[in-house]
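The values are calculated or read from the model by the stated rules, or taken from the named source; none is laboratory data. Here the structure is a predicted model, which means the values were calculated and not measured. Backbone-built Cβ (ideal geometry, glycine too); neighbour counts: all protein chains shown. Side chains included, ligands, DNA and RNA excluded: accessible areas come from the protein's heavy atoms. Shrake-Rupley method; radii C 1.70, N 1.55, O 1.52, S 1.80 Å.
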Amino acid sequence: MLVLALVTLWALVPSWFTVWDPIVGVPQDRLLPPSTEHIFGTDNLGRDLYARVVYGAATSLAATTVAVVVGLAVGSLFGLLAGFLRGFVDDAIMRFMDVLLAIPSLLLSLALITALGFGTLNVAVAVGLASVASFSRVMRAEVLQIATAVYVEAARVSGVRWYTVLRRHVLPNASGPVVALAALEFGVMVLAISSLSFLGFGAPPPTPEWGSLVAGGRDYLAVAWWLTTLPGLVIVAVVLSANRISRALERNGGIR
């Protein structure tokens, strides 16, 4: 939680953590190794790498949040309807989700980006849509279990409309595992968005973005290891922290 809190502060108030400009560099300071003045060193244009990582947190975390919201909202809706209505609706929705699961998520994201166009927002939407099937299956499994509960049957028998039963009784009680999955998917989506940014589908230069920072150091690995290693370690730390929080939510909530 401390790691994610720090990265969130980077995104919200980057000026608290660095005085360097992430866009404008000093040519005579190009490719300086990490030091007390430049914590992460400098890049090939003399820009402070730590400043670019800090300012890049806003772009990367915003894209990840959009992706999680899209996947959570769309997937939960499909899973809720499939598990509660059952029958033909359940069969149709879940067969479509099976098709999505059969396609590797990164490949599906690339296909969606091709349709939507390049850019950070489109990357975020594509990654979110690629995760819809996972959220849908988890939500459906919980709804199938809760829909047979006594209080749900009592609400139906008393004449409460089906969408009211979903909103008041089923959704609140089925949301726990989906929230844990959202925490896990947050880390996965950070990695996916960074990967797509690494491939050049994210924000155009000189906008700092974690994946593009790693990509920008590829040509200087022999002389400036810090250009790829340090931004990569930040990505690793965020992904592992999100994974750890997800496991804690899973354990504390008794989710299997």
note = Residue pairs within 7 Å by beta carbon, gap of at least six or interchain, first lying in segment 126-140 and charged (D, E, K, R), second buried (at least 24 other Cβ atoms within 10 Å of the Cβ), listed first then second, are ARG137/GLY79; ARG140/GLY79; ARG140/ALA82; ARG140/GLY83
key: LEU233 open to solvent by 40 Å² or more (accessible area, probe 1.4 Å) and within 13 Å of the chain's Cα centre (by Cα)   = no
query = When both residues are 6+ apart or on different chains and their Cβ atoms are under 6 Å apart, which pairs have a first residue that lies in segment 21-35 and is among the small types (Gly, Ala, Ser), and a second that is open to solvent by 60 Å² or more (accessible area, probe 1.4 Å) and in a loop (DSSP other than H, G, I, E, B)?
reply = GLY25/LEU45
ask   = Taking segment 131-167 as the region of interest, how many residues are open to solvent by 20 Å² or more (accessible area, probe 1.4 Å) and closer than 30 Å to GLY200 by Cα?
value = 1
key: Residue within segment 81-102 that is closer than 23 Å to GLU209 by Cβ and either in contact with an Asp or Glu (Cβ under 6 Å, 6 or more places away or on another chain) or not in a helix (DSSP H, G or I) (or both) present   = no
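Okay, residues lined up against (1) modelled with pLDDT under 85; (2) not aliphatic (A, V, I, L, M):
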| residue | (1), (2) |
| --- | --- |
| LEU107 | no, no |
| ILE113 | no, no |
| THR120 | no, yes |
| VAL132 | no, no |
| GLN145 | yes, yes |
| VAL150 | yes, no |
| GLU153 | yes, yes |
In segment 213-222, residue nearest to ALA11 (Cα to Cα) [restricted to those that are modelled with pLDDT under 90 and open to solvent by 20 Å² or more (accessible area, probe 1.4 Å)] = GLY216
